[in-house]
Amino acid sequence: MNVRGFALGLLLPVLAVSVAQAQGRAPQTAVPVAQIDALYPGLRDVYIDLHRNPELAFQETRTAALLAEKLRALGFEVTTGVGRTGLVALLRNGTGPTVMMRTEIDALPVAEKTGLPFASTVTAQNASGQSVPVMHACGHDLHMTAWLGTATVMAQNRSRWRGTLMMVGQPAEESLSGARAMLADGLFTRFPKPDYALSLHDDDTMPAGTVGYRAGLFRAMSDAVTITVYGRGGHSAMPHNTVDPVVLASRIVLALQTIVSRENNPVDPVVITVGAIQGGTQGNVIPDEVRLLLSVRTYSEAVRTKTLAAIRRVVRGEAIAANAPKEPRVDAPERGNAMVYNDPALITRLVTALRRELGQAKVVEMPQKMTSEDFAEYGLAGVPSALLHIGAVDAADLAKSRESGVPLPAPHSSEWAPVLETTLKGAIHAEVAALLELFNKR
């Protein structure tokens, strides 16, 4: 569909709503739900396109260009290349607050196994130069499509709000580096610093269309840790002449879990995950070194410091026990990814508006999660922020899963496929309701 056709397709629902209002049939909700319904077919096409063409962190050039084209057609002032591959789109609509709505635009190095007719078959080179499969395994394709739908509804209903809408397409969320890159590139200096920042993430623990919220600390801090252990390589048939770093790495994987189970207070959670082990070239050669890539999640600086120190100690101890010829290396950032903190006053205001719009049962409080999000950076930059979640699974399937104890596919799974129509419409409804609340002081 070309830009002119897309813009015309977006205009028709506005005319339909205007006719209904002229005939005395005004929408029963603040958000024009009929307009969202009318937009859905075109947005579904956008979703399929994004899903089929995922791009890794800081490679999202096609994705950003597609979103920029559609926002320009809606009348936004669009700047691309912010934070390398991000975009910022402004819609100035009189005097009022500036509200930022962020979406992530990157995908994951995951081979898709959803069985969808539009499943991704894309491969790309990651930052290390490896060829990897690529999939929107975290739902960023859904987030982008909802974000575009929200921008469309807001652009077509300018008479109902005043202020500046700031739509941000952020790269590299999965590497927890895109928010910092955009801020370093002047996100809040080259462009208006927002009065509020919002984002929405799909979720596997709630029925499709249900909005989840949490005031205060919501998502954990995260550290990417790399461990390199050194051995003495040789022939696989003569292991006695070697120090096998593969065996050493395997022992470290198991030993690290005792930090969680025996050194940490279980009421103050820690997660240590070894997501990758890299070493060796073939089965009959014992390599000289092995790398382990870790994700460490914590909720306090004290626990983070203690956990990272324990990782270093355990790794060193296992290397000594294995008679490794060289001290192992543990690389951890001085500052990890911060915890997501949802401004309590902002959450209270949004929850009131969302329950008024969606109904009490559709807006529920969530527990804290051990997953991380670099959306936290915008709050650290001094902007009151709120990250909401949108349920994305079939209600009947969720009930069966809870009864059987067998979990459903979740974000970062090769089988993650949100229930599209209900989730997408619910996300747009929630985002528009939140924006109208913040633009129109009550």
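The values are calculated or read from the model by the stated rules, or taken from the named source; none is laboratory data. Every value quoted in this text rests on a predicted model; they were computed, and no experiment measured them. So basically every Cβ, Gly included, is an ideal-geometry build from the backbone, and we count neighbours across all protein chains shown.
Among the residues of the stretch 390-420, the one identified as under 14 Å from the mean Cα position of the chain (by Cα) and either surrounded by fewer than 17 Cβ atoms within 10 Å (Cβ to Cβ) or in a helix (DSSP H, G or I) (or both) is His412. The set of residues in the stretch 329-352 being closer than 27 Å to Glu263 by Cβ, in contact with an Asp or Glu (Cβ under 8 Å, 6 or more places away or on another chain) and surrounded by 15 or more Cβ atoms within 10 Å (Cβ to Cβ) consists of Ala332, Gly336, Asn337, Ala338, Val340. Could you tell me whether the stretch 324-344 includes any residue that is of a type in the set (Val, Ile, Thr) and assigned to a strand (DSSP E or B)? Taking every residue of the stretch 324-344 in turn, at least one turns out to be of a type in the set (Val, Ile, Thr) and assigned to a strand (DSSP E or B). Checking each residue in the stretch 283-320 for being polar (S, T, N, Q), surrounded by fewer than 22 Cβ atoms within 10 Å (Cβ to Cβ) and assigned to a helix (DSSP H, G or I) picks out only Thr305.
When the stretch 127-174 is filtered for residues that are at pLDDT 95 or above and in a loop (DSSP other than H, G, I, E, B), the ones remaining, listed by number, are Val134, His136, Ala137, Cys138, Gly139, Asn157, Trp161, Arg162, Pro171, Ala172, Glu173, Glu174. On the given criteria, is Gly94 modelled with pLDDT of 95 or more, closer than 29 Å to Gly186 by Cα and of a type in the set (Gly, Ala, Ser)? Taking the combined requirement at face value, the residue satisfies it.
Checked against (1) out of contact with any helix residue (DSSP H, G or I) (no Cβ under 7 Å at 6 or more places or on another chain); (2) in a loop (DSSP other than H, G, I, E, B); (3) buried (at least 23 other Cβ atoms within 10 Å of the Cβ), Asp106 passes all but a single condition, namely (1). Of the residues making up the stretch 312-355, those that are farther than 25 Å from Arg219 by Cβ, out of contact with any strand residue (DSSP E or B) (no Cβ under 8 Å at 6 or more places or on another chain) and of a type in the set (A, V, I, L, M) are Val314, Ile320, Ala321. The sole residue among Ser131, Ser159 that is without any contact (Cβ under 8 Å) to a residue 12 or more places away in the chain, farther than 24 Å from Gln278 by Cα and not aromatic (Phe, Trp, Tyr) is Ser159. Can you name the residue in the stretch 217-260 that is within 15 Å of Leu293 (Cα to Cα) and without any contact (Cβ under 8 Å) to a residue 60 or more places away in the chain and is also surrounded by the most Cβ atoms within 10 Å (Cβ to Cβ) among such residues? That would be Ala249. Quick one: is Leu387 under 19 Å from the mean Cα position of the chain (by Cα) and within 17 Å of Gly209 (Cβ to Cβ)? For Leu387, the condition - under 19 Å from the mean Cα position of the chain (by Cα) and within 17 Å of Gly209 (Cβ to Cβ) - is not met.
Within the stretch 179-199, being closer than 18 Å to Leu387 by Cβ and either of a type in the set (Asp, Glu) or at pLDDT below 95 (or both) holds for one residue alone: Asp195. With respect to Ala208, determine if the residue is aliphatic (A, V, I, L, M), within 17 Å of Gly139 (Cα to Cα) and either under 19 Å from the mean Cα position of the chain (by Cα) or surrounded by fewer than 24 Cβ atoms within 10 Å (Cβ to Cβ) (or both). Yes, satisfied.
Scanning the stretch 192-233 for residues that are in contact with a Leu (Cβ under 7 Å, 6 or more places away or on another chain) and outside any strand (DSSP E or B) yields one hit, Gly231.
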